[in-house]
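Taking it in order: structure first as structure tokens, then the write-up.
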Amino acid sequence: MNVYDSDRMTDILRPLGFSLSNDPDDADMVILNTCHIREKAAEKVYSELGRMNKIKSRKKNQGSNMILAVAGCVAQAEGDEILRRAPFVDLVFGPQAYHDLPEMIARVSRAKGAVLNTSFPAQVKFDHLPEVMLGSEAINGASAFLTVQEGCDKFCTFCVVPYTRGAEYSRPVSDILVEARRLGDLGVKEVTLLGQNVNSYHGVAIGGTEWGLGRLVHEIAEVEGIERIRYMTSYPADMDEELISAHGEVPALMPFLHLPVQSGSDKILKAMNRRHGADQYRQLVERLVKARPDIALSSDFIVGFPGEKDSDFDSTMKLVREVGFIQAYSFKYSPRPGTPAALLNNQVSEEVKTERLKILQDELNKQQLVFNKSCVGRTMPVLLDRPGRFKGQMIGRSPYMQPVHLSAQEHLFGAIVNLHIDVAQANSLAGSLEAVNQSKNVA
Ligand code: 5AD
Ligand code: SF4
């Protein structure tokens, strides 16, 4: 979501004469788009601000100005604190306010003091964002993000998102379809439908009915040019029958799903306020596999949540071994100010968290490598959406989101090609074109 937001900010700024620079020394404005989900991410903002201030001061001495802005969830949660700790910051705005960037920049330029904007209305933002056009940053080659939902009402006890991103909001169906059609017209082949809790999508359609995500997926699959659909991030308890069946009915829906479970212990899941138990998660996976037998999963895990005993962690490891994940993100629990779990007095020691994280990650890495190796010898449709590191080299995505490297086929940028998988590594694959497939499958 943050990548998408950064892209949209760039789209807003282009008409004002800005273009992207990779070098802060060269920049008239630097925006740090920040994440508040764990303490480490939030603290990084302040060290990065110190670095940017040096550049800002140097430029000031040379007679030029640099606007320094902090965007995103740290800005939303700690706006005043940022201005106190880093008074040289010009602009602080939350994730629901960036459509106001032109006005905020004008106010900074006229300038008496810093501008702080942490207002909330997601709907207003979407109404004011520019249309996605050719050259839009939100389109990365042949794949693009499409936000369908924002915010979260679930209040997991460890999580800041309901406070920083605000209440759930679903965009109307017609707005989403217009954007999907535009993306298709612009040559996009893969869309990833985004939302903090995308399964809770319930957008108003023409006639006043409400559509869930499953219905929306069916409709987007009909859009000319769109050949692949993904969605994230999912909340298991909100996956309804319509969405599960869509996995069996819509071939464009890719057989890979990020389905965060967080823990395998019912006691911990309850303390997390997750609204699903470990067995419910297992049953959900069974239903998904029944609908789409080749589906593979990734997940998020938190170790060392307050009160997590060895036996709870063992339950997580049991679930991981039973379900099997081809990829996953795992984190040590990080107490976040303002969330209920941060106030619990049975916090787990750093040492135990480190130990458990290592055991979990070793198992998850093993599972990922086993899956990657099982792909060697198979032929997979790969969307070539990025240039590689070397001239001519391309990188694409398999249906399972594995990066696949391919040599010397630059002209195939944006195509979905059938690749024979030759090599598997921990985090990526390498493939080659199958001569027989070339004419048939290059779109
Ligand atoms: N500590 C550690 N991990 C967290 N996550 C969210 N909040 C915290 C926290 N306080 C993880 C969850 C979530 C992912 C995006 O980040 O696993 O799914
Ligand atoms: Fe955070 Fe996801 Fe829980 Fe919402 S559902 S509170 S975003 S972890």
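The values are calculated or read from the model by the stated rules, or taken from the named source; none is laboratory data. Quick caveat: nothing in here was measured; it's all calculated off a predicted structure. FYI the Cβ positions are ideal-geometry reconstructions off the backbone, even for glycines, and counts take in every protein chain you see.
Selection over the stretch 306-315 of residues that are away from ligand 2 (no atom under 16 Å from the Cβ) and either crowded, with 20+ Cβ neighbours inside 10 Å or among the hydroxyl-bearing types (Ser, Thr, Tyr) (or both) gives a count of 5.
Identification of helices (runs of 4 or more DSSP H) wholly contained in the stretch 263-360 with 3 or more residues that are under 27 Å from His36 (Cα atoms), out of contact with any Cys (no Cβ under 7 Å at 6 or more places or on another chain) and more than 16 Å from ligand 1 (Cβ to nearest atom) yields 266-271. When the stretch 172-182 is filtered for residues that are surrounded by fewer than 20 Cβ atoms within 10 Å (Cβ to Cβ) and among the β-branched types (Val, Ile, Thr), only Val178 remains.
Answer yes or no as to whether Ser298 is closer than 25 Å to His247 by Cα and among the small types (Gly, Ala, Ser). Yes. Quickly run through the stretch 369-390 and pick out the residues that are part of a helix (DSSP H, G or I) and surrounded by fewer than 19 Cβ atoms within 10 Å (Cβ to Cβ). Hits for the stretch 369-390 are Leu369, Val370, Phe371, Lys373, Ser374.
Does Ser334 meet the test of being within 16 Å of ligand 2 (Cβ to nearest atom) and within 28 Å of Arg230 (Cβ to Cβ)? Spell out the reasoning first.
On the way: within 16 Å of ligand 2 (Cβ to nearest atom): yes; within 28 Å of Arg230 (Cβ to Cβ): yes.
Yes.
Inspection of the stretch 244-260 finds a residue satisfying the criterion of being under 25 Å from Leu357 (Cα atoms) and in contact with an Asp or Glu (Cβ under 7 Å, 6 or more places away or on another chain).
In the stretch 19-36 there is at least one residue that is in contact with a helix residue (DSSP H, G or I) (Cβ under 8 Å, 6 or more places away or on another chain), farther than 27 Å from Met133 by Cβ and charged (D, E, K, R).
Annotation note: of Arg228, Arg215, the sole residue that is without any contact (Cβ under 8 Å) to a residue 40 or more places away in the chain, under 27 Å from Ile416 (Cβ atoms) and among the basic types (Lys, Arg) is Arg215. Filtered by the rule that a residue be within 16 Å of ligand 2 (Cβ to nearest atom), small (Gly, Ala, Ser) and either over 25 Å from Ala167 (Cα atoms) or touching a residue at least 40 places away in the same chain (Cβ under 8 Å) (or both), the stretch 34-87 gives Gly72, Ala77.
Any idea which residue in the stretch 217-242 is surrounded by the fewest Cβ atoms within 10 Å (Cβ to Cβ), counting only those that are in a helix (DSSP H, G or I), away from ligand 2 (no atom under 16 Å from the Cβ) and not small (Gly, Ala, Ser)?
Step one: filter the stretch 217-242 for residues in a helix (DSSP H, G or I), giving 217-221, 236-238, 241-242.
Of the ones still in play, those that are also away from ligand 2 (no atom under 16 Å from the Cβ) are 217-221, 241-242.
From what's left, not small (Gly, Ala, Ser): 217-220, 241-242.
Values: Val217: 24, His218: 18, Glu219: 16, Ile220: 25, Glu241: 11, Glu242: 16.
Within the stretch 217-242, the match that is surrounded by the fewest Cβ atoms within 10 Å (Cβ to Cβ) is Glu241.
Of all the listed residues (Phe413, Phe331), the sole one being surrounded by 14 or more Cβ atoms within 10 Å (Cβ to Cβ), farther than 20 Å from Gln262 by Cβ and of a type in the set (Phe, Trp, Tyr) is Phe413.
Filter the stretch 183-214 for residues that are of a type outside the set (Val, Ile, Thr) and surrounded by fewer than 18 Cβ atoms within 10 Å (Cβ to Cβ); which is nearest to ligand 2 (Cβ to nearest atom)?
Going residue by residue through the stretch 183-214, those that are of a type outside the set (Val, Ile, Thr) are 183-187, 189-190, 193-197, 199-203, 205, 207-208, 210-214.
When the remaining residues are screened for being surrounded by fewer than 18 Cβ atoms within 10 Å (Cβ to Cβ), the result is 185-187, 202, 205, 207-208, 210.
On the way: Asp185: 32, Leu186: 30, Gly187: 32, His202: 15, Ala205: 24, Gly207: 30, Gly208: 27, Glu210: 20 Å.
Checked the stretch 183-214; the qualifying residue nearest to ligand 2 (Cβ to nearest atom) is His202.
What about Val303, is it out of contact with any Pro (no Cβ under 8 Å at 6 or more places or on another chain), away from ligand 2 (no atom under 14 Å from the Cβ), over 22 Å from Pro172 (Cα atoms) and at pLDDT 95 or above?
Numbers: out of contact with any Pro (no Cβ under 8 Å at 6 or more places or on another chain): yes; away from ligand 2 (no atom under 14 Å from the Cβ): yes; over 22 Å from Pro172 (Cα atoms): yes; at pLDDT 95 or above: yes.
For Val303, the condition - out of contact with any Pro (no Cβ under 8 Å at 6 or more places or on another chain), away from ligand 2 (no atom under 14 Å from the Cβ), over 22 Å from Pro172 (Cα atoms) and at pLDDT 95 or above - is met.
Any residue in the stretch 345-357 that is surrounded by fewer than 16 Cβ atoms within 10 Å (Cβ to Cβ) sitting within a Cβ distance under 9 Å of a residue that is in a loop (DSSP other than H, G, I, E, B) and among the charged types (D, E, K, R)? List the pairs, counting only those 6 or more apart or interchain. If the second residue must be in a loop (DSSP other than H, G, I, E, B) and among the charged types (D, E, K, R), the pairs left are Asn346/Glu308. Does Thr192 count as under 28 Å from Leu383 (Cα atoms) and touching a Pro at 6+ places or on another chain (Cβ under 7 Å)? Considered against the rule, which asks whether it is under 28 Å from Leu383 (Cα atoms) and touching a Pro at 6+ places or on another chain (Cβ under 7 Å), Thr192 comes out as no. Selection of the stretch 15-60 for residues being more than 16 Å from ligand 1 (Cβ to nearest atom), farther than 16 Å from Ile105 by Cβ and among the acidic types (Asp, Glu) yields Asp23, Asp25, Asp26, Glu48.
I want to confirm something. Restricting to the stretch 391-410 and keeping residues that are in a loop (DSSP other than H, G, I, E, B) and at pLDDT below 95, which single residue is surrounded by the fewest Cβ atoms within 10 Å (Cβ to Cβ)?
Here is the first cut: in the stretch 391-410, the residues in a loop (DSSP other than H, G, I, E, B) are 391-393, 398-402, 407-409.
Pick out the ones that are also at pLDDT below 95 and you get 391-393, 407-409.
On the way: Lys391: 8, Gly392: 12, Gln393: 16, Ser407: 14, Ala408: 13, Gln409: 19.
Looking at residues that are in a loop (DSSP other than H, G, I, E, B) and at pLDDT below 95, I get Lys391.
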